Structure formats: C-alpha cells, structure tokens
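Please treat every number below as a calculation from the coordinates, not as lab data. Nothing here was measured: the structure is a model prediction, and the numbers come from that model.
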Amino acid sequence: MCLAVPMRIKKINQNFAKVEISGLIRHVNVQMLPGLKKGDYVIVHAGFAIQKIDPLEAKKTLKVFNEICR
C-alpha cells in the first residue's frame, strides 16, 4: 500500500519545492504541476508532487492523519 500525503509549499524554485507537514520539511519535484505557488497544497508521493488540492480538503485529510497517529 502507498500513502500519498498532502503538504504545503513553503518555497518554490523552478522544478523543485520545499514543502512542509507538521514541521517536517521535504524537497519535492513539482515539474508535473506547472503554475504552483507558495501556500498551495499538493499531494506528494515518492518525492513528487502529483496533484494540487484544495486547502480545505488538505486540512481535512491532515486532521484525519493526526487522529490516526495518536
């Protein structure tokens, strides 16, 4: 089973972005999703941003993740 995680873009530079989830920072490839900007939420899998998602949906998903991880 694979788990794709919603993360918020903190900084973007051409094909790569610094993304954050719960204080954890990762660098991901964003070249498949042109037009992304700081503050956008993306689904990240295996180091690649694979989908831009609505901020409300991202926050709902992160809330569920946090409840599961308690």
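Some observations on this one:
- Relative to the longest principal axis of the Cα atoms of the chain, the long axis of helix 55-68 lies at roughly 40 degrees.
- The chain - convex hull of the alpha-carbon atoms, volume per residue in Å³: 83 Å³
- All aspartates and glutamates inside 15 Å of Lys52 as judged from Cα atoms, apart from same-chain residues fewer than 8 positions distant: Glu20, Asp40
- 3J(HN,Hα) along region 37-50, derived from phi through the Karplus expression 6.51 cos²θ - 1.76 cosθ + 1.60 where θ = phi - 60°, amounts to 9, 3, x, 5, 9, 10, 8, 10, 9, 6, x, 10, 6, 10 Hz, with x in place of Gly and Pro.
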